[in-house]
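All remarks here apply to the structure that follows.
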Amino acid sequence: MYVCLCNAVTDKAIRKAAASGCHSLAQLRCELGVASQCGKCARQAKAVLKEATTQAAPQRPPQTLLITQMAV
C-alpha cells in the first residue's frame with residue numbers, strides 16, 4: 001500500500017528501511033523522502049514504522065533480580 005503518494009513510498013519500503021536501522025520519522029524522511037512534501041503521510045508512516053520496529057524487536061521475558069539477605 002502506498003503511504004506517501006508524493007514520493008511513491010510504500011509500507012513495504014518503510015518496513016525495509018526499519019529493518020535496515022531507521023527508527024524515526026526524521027530518518028525515514030532522509031532515507032525515503034517520507035513526509036517531505038505535503039506531510040499528510042506522516043501519521044501513517046510513523047504507525048507503519050512503529051509496527052515494523054516492534055515486530056522486529058525480540059520478545060524477551062522480563063528479568064528478575066534475586067536479592068539475598070546478608071547476616072548482620
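The values are calculated or read from the model by the stated rules, or taken from the named source; none is laboratory data. Keep in mind that this is a model prediction, so the values were computed, not measured. Glycine gets a Cβ as well: all are built from the backbone with ideal geometry, and neighbour counts include every protein chain shown. Just the protein is used for accessible areas: all its heavy atoms, side chains included, with ligands, DNA and RNA removed. Shrake-Rupley method; radii C 1.70, N 1.55, O 1.52, S 1.80 Å.
Take the Cβ-Cβ distance between Ser20 and Ala47 as r, set R0 to 22 Å, and report the resulting FRET efficiency rounded to the nearest 0.05. The formula returns an efficiency of 0.75 here. The heavy atoms of Cys41 offer some 10 square angstrom of accessible surface to a 1.4 angstrom probe.
When Leu49, Leu32, Leu25, Leu5 are compared by accessible surface with a 1.4 Å probe, the order from highest to lowest is Leu5, Leu32, Leu25, Leu49.
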